[in-house]
Structures are given as C-alpha cells and as structure tokens.
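Working notes, beginning with the structure itself.
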Amino acid sequence: VAAAVAARSESKPAPLKPAKHRYSLRPRRERGESRSAGAGVRRRIGGMRRAVAPLLSMAVLAALLGMGRPLARSGPVARPGRAAVARCWAATSGSDSRSSSSDGEEAAAPKWLGPESPKDWNGIVCVDKPVGWTSSDVVVRVRRTLEQHWRKRGVKLSRRGGVKVGHGGTLDPLASGILVLGIGDGCKYMKDFLSGTKAYETVALFGVETDTLDSTGEVTTQVNCGHLNGEIVEAAVETFVGEGMQLPPAYSALKRGGEPLYAKARRGEEVDHLLEPRPVTIYDLKVQESGTKEDAPGIFDVPSIKEAMNFWDGDWLCDACGKKNFARREVCFSCKAPKPEEPEGDEALEEHSEAVEAADGAPLFAAKMYVECSGGFYVRSLVRDVGRKVDSGAHMTYLRRVKQGRFTVDRALPQDLWNAENLYRMTLAPKEKESR
C-alpha cells in the first residue's frame, strides 16, 4: 500500500482541458474544437436570409404602393365594330376632336381601348397611300405615330423604338391606293393576306413615251396619235387579257447583282440586257374612258408629282435617286449628287400634260383603264405595250391600286386618320383572317 501511494504521488497530474465557451475569442484550433458539418450549413442559411430580406421588403412596399391602382385587363380587349369605325371617321373628318363644345368646355379625349403594351399589338392594317409618298415613307410615319402614342402613355421603348412595322407590295411614289402594313408579329403573316389578285386604275397618255414609262421621266419618243379613237384602243386592250410574258421596266426595284435596276439606270448605266420577260396573267382589262383633252378633260386632270409632294418654292428632285430636297441644299442628302440647274422661265410650273406634245402637233389622246392582274405585274409596262400595239407611244400619268388580295380601297385608312386609335380599330389579327 505504501509503495502504491508513493508511486501515485510521483506521477504528473493530467492537464486540464480549456473550457468550451461559445463566445471565446481564441481560434478554434487553440480551443481544441473540430469543425462540424452543420456549422457550414447554418452559416449559408444565415447569408441567404440576409440577402433575401431586402428583396422581400421591396416587394411588400411595391405591393402597398400599387394597391390604389386599377388592375390591368386580362384577356383580349373587345373591339368596336365597323359602325364605330365609321362614326370615328365621320367625327374626325367633320370637326376637330380638340375643339371646344357649345358650352365652352374642352371635349374629352377618347378612351384608349387597345393593348397596354406594344408587344400585344400584332396584326395587319390597310392604309391609303397618298401620291408622292414612297412605301418606306408610310412605314416611317406609322411607326413614329405608334412610338409617340406609347411614350405618351408612359411605356418605355428601346433606343430603336421597339415598334415593328413593315409593308407588303411596294407602290411607286407616283401611285396611290392600298398599301398593306404589318404591325408586330403581323409582318410574319402578310403573305397570307396578300395572296390573290391585284386591281389598278391607270391613265395612259398616248403619243409620248418616256424612259421611266411614267410622267416623271424624260421624253424619248414622240409619235403622231391623231389616228387614235376609243374603238381602236379597246380592240388593242382585249388582246392582252390572259396569260403572257411581260418585260419589266428599266426603272424598277428588281435587283441585279445585289442592286436595284433603278439605281443603275439613274447613274446612266445600260440595263436593257439585264431585263428578262416574266410570265404574268391579266384577268380583267377594260377601258373606262378615253378621248382628247377637249373630249375628256377629266382624264388629263391628274395631280402632278410636285404638287403631291408639297413642294415649296425652290425645292428640287434629285435626278440620281429621285429624292426630294429642300431649296437650301446644294447636294442631295441621300446620294450627294449636285443640284441640277433650274429651268428658265415657268417651265418647272407647267403641268405634265401641257409640257409634252405629240409629233406633228397632233393632240394628245388619253385612256383611263381598269386592270386586274397577278402578282409581279407592272402597269407601266402594260401602258407601253398598249401604246406600241396601236402604233403610238404611251406612258403612265396616273396609277391607283384599288384592290390587293382581300383588301379594297374603300376600307383603306386615309392619311388624315393615321392615329393610334384608328390604326388599332382597323387592325386585323392573324387569327381573325378566316372569320372576317
């Protein structure tokens, strides 16, 4: 017993372990603790809570601020019928919508019945293009009108606008009538609406032929047309009905080598060897009126291209690209071509029908025709061929598209009614193309 006590007294006491305290400032390794797996999970959860808390606070604040606003409409918006559109046209054309009432109070602005976002506006609309406007000019005008409408309603658009508008079936600046526009995703479905025949009203002026085959070009041929009458023209016109081959005009939008032919022709290049006859079909062709200026003065009373484009004193057309320029410009803003020399006297103010003359001083003969044809048809080429058929040159002075596919000109939206309300009322949704 004495030996055991002596041995125990001589042995060293075991060292005391440090106390485990959760608020110890010493590192974990000095405290002798090991890192557990649960500690990392708890730390991640705490970080997520700290990150999500501000977002939840912002969501609650936005919900509280939006409680006083009316709820947005869900589902399709009911559109008024054709009668409502007619009343809108009559009200807009008859009096100014911003004029004050009889009591002196200002008339209330019409309530917007359309979508709340430009992404929800998709469809097809038919407009009446005025003379002097290019098809691209109409697209730019409609796009700007819609962009201004959305900005006034507080919708933020991208730098490029955010409103998609396109056209189908290009019309020359001299022509007027139906131009089909696609808005939004409606541009993808324009082919479904444009399939079918086209119909035009045109005026052919015999005795003179121009390089562009219309009244904007330079005279290339003058022929005596004193032998013409209505019966001769009608008999010649009947021979063109049916299927046949047609040679496109040199001043056309057909591309050769990646460039339109009219651009090559305006530079003075020879393009006749690039033209190839194309198959076309004429379903209906008839003469509505014909005669000289004394017999049928209404045929010769057509608007000139300068009057239609609202020319001011000194404004000029570029010979290279055909664009309108203001008087202060010495070079064209589009192609940088120099300003042409101004004609002497009052030649620039003369009407086209008075400026051109047939050979031997014979009076000019004109005919107003109606033609219904297939796609890819050039009315200018038809006028040229009819003039040569009757042994007299001819060129086009008037062109109006009155039908394209399922659209007719009496249902096209005129220029003075191009606003967001009317454009939406006349928009035909792709899903409604079979029901309407």
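The values are calculated or read from the model by the stated rules, or taken from the named source; none is laboratory data. Remember, predicted model here, so these are calculated numbers, not experimental data. Virtual Cβ from ideal backbone geometry, glycine too; neighbours counted across all protein chains shown. For the accessible areas, the whole protein counts, side chains as well, though only heavy atoms, and no ligand, DNA or RNA atoms are used. Shrake-Rupley method; radii C 1.70, N 1.55, O 1.52, S 1.80 Å.
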Completion exercise
Once 283, 262, 378 are ranked on solvent-accessible area with the largest value leading and a 1.4 Å probe, the list reads 283, 262, 378
Problem - Additional length obtainable on full extension of the chain from residue 235 to residue 301, 0.36 nm per residue less Cα span - result: 21.3 nm
Exercise for the section: For residue 275, enumerate residues with amide H under 5 Å from its amide H, sequence gap 5+ or separate chain, H modeled in the peptide plane. Expected result: none
Problem - Rounded to the nearest 10 Å², the accessible area of residue 334 at probe 1.4 Å - result: 60 Å²
Problem - Solvent-accessible surface (1.4 angstrom probe) belonging to residue 377, in square angstrom, nearest 10 - result: 20 Å²
Exercise for the section: Using DSSP to define loop residues, name the trypsin sites (Lys or Arg not before Pro) in region 111-155 whose beta-carbon has at most 16 other beta-carbon atoms within 10 Å. Expected result: 111, 153
Practice task
Of the listed pairs 129/286; 264/339; 188/368; 164/368; 286/403, which have alpha-carbon separations greater than 26 Å here?
Solution key: 188/368; 164/368
Completion exercise
Sorted by chain and then number, the residues having a modelled amide H within less than 5 Å of the amide H of residue 221, at least 5 places away or on another chain, are 209
Problem - Approximate spin-label separation residue 43-residue 145, in nm, with each point projected 7 Å along Cα-to-Cβ - result: 6.5 nm
Problem - Accessible heavy-atom area order of 273, 395, 149, 167, highest first, probe of 1.4 Å - result: 273, 167, 149, 395
Handout entry: In Hz, Karplus ³J(HN,Hα) per residue of region 131-145 (6.51, -1.76, 1.60; θ = phi - 60°; x = Gly, Pro)
Key = 5, x, 9, 7, 4, 5, 4, 5, 4, 5, 5, 5, 4, 5, 4
